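In what follows, a single structure is set out as structure tokens and then discussed.
Please treat every number below as a calculation from the coordinates, not as lab data. Please read these numbers as outputs of a predicted model, since none were measured by experiment. Methodologically, a virtual Cβ is constructed for each residue, glycine included, from the backbone with ideal geometry; neighbour enumeration extends over all protein chains shown.
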Amino acid sequence: MTSRREHEPTQDARKPARYSMTHASPRAIPWRKRPEREELRAIYREVDALLDGYACDASTDCCRFGVTGREPYVTEVELAEIRAAIAENGGHRATRKRSLEIAGERRCPMLTAAGKCSIYAARPLGCRTFFCDASLKKMGAKLPRVKLQALVRAIDALSEKAFVRGEDSRPLTQALSSHSSK
Ligand code: SF4
């Protein structure tokens with residue numbers, strides 16, 4: 001059903017303004033102090049408002065990648081927000097300790113043993129728009145695809161603006177492992 005992201009971004013020819021290379025690298029500024037953090041949160045609020053009434057029922061269907069065959073892709077800004085949330089939770093090791101790994105399930109490292117997302121407020125767009133069978137049944141034809149696509153593009157543009165040499169979106173676990181090893 002999905003390939004790259006739940007809502008595949010289309011190429012936007014209009015590139016957003018980027019940081020001037022003559023100024024200090026924005027990477028030197030901690031994510032929690034970056035203005036883009038609030039921009040990302042504002043976009044997430046828009047997504048949540050669009051999907052109000054069809055909220056995730058916490059089935060955690062989308063958190064077992066080996067079961068669904070799907071894994072959310074994340075941009076650099078989404079990853080920065082996830083990493084901040086992980087740090088606030090005590091770091092990667094603390095999160096992993098809480099996760100019960102069952103062979104073949106490929107559980108998301110942020111899924112707790114109690115079956116909750118440990119970074120729920122910071123979860124990426126792919127998790128917010130997974131649309132499991134239960135939520136699709138509730139939404140049906142009301143799924144605001146066009147508006148969601150616009151918000152996907154807004155996050156991609158924000159990521160390009162925030163990270164000059166940002167990488168393309170990557171599978172969540174791959175992105176996390178490359179960053180956690182840095
Ligand atoms: S980030 Fe949270 S909602 Fe998304 S897959 Fe992981 S545990 Fe599930």
Compute the distance in nm between two label points, each set 7 Å from the Cα along the Cα-to-Cβ direction, one at E38 and one at A114.
3.2 nm
Going fewest to most other Cβ atoms within 10 Å around each Cβ, I155, I43 line up as I43, I155
What FRET efficiency do you get for A103 and I29 if R0 is 41 Å and r is their Cβ-Cβ distance, rounded to the nearest 0.05?
0.50
By counting other Cβ atoms within 10 Å of each Cβ, how are V47, V152, V146 ranked from fewest to most?
V146, V47, V152
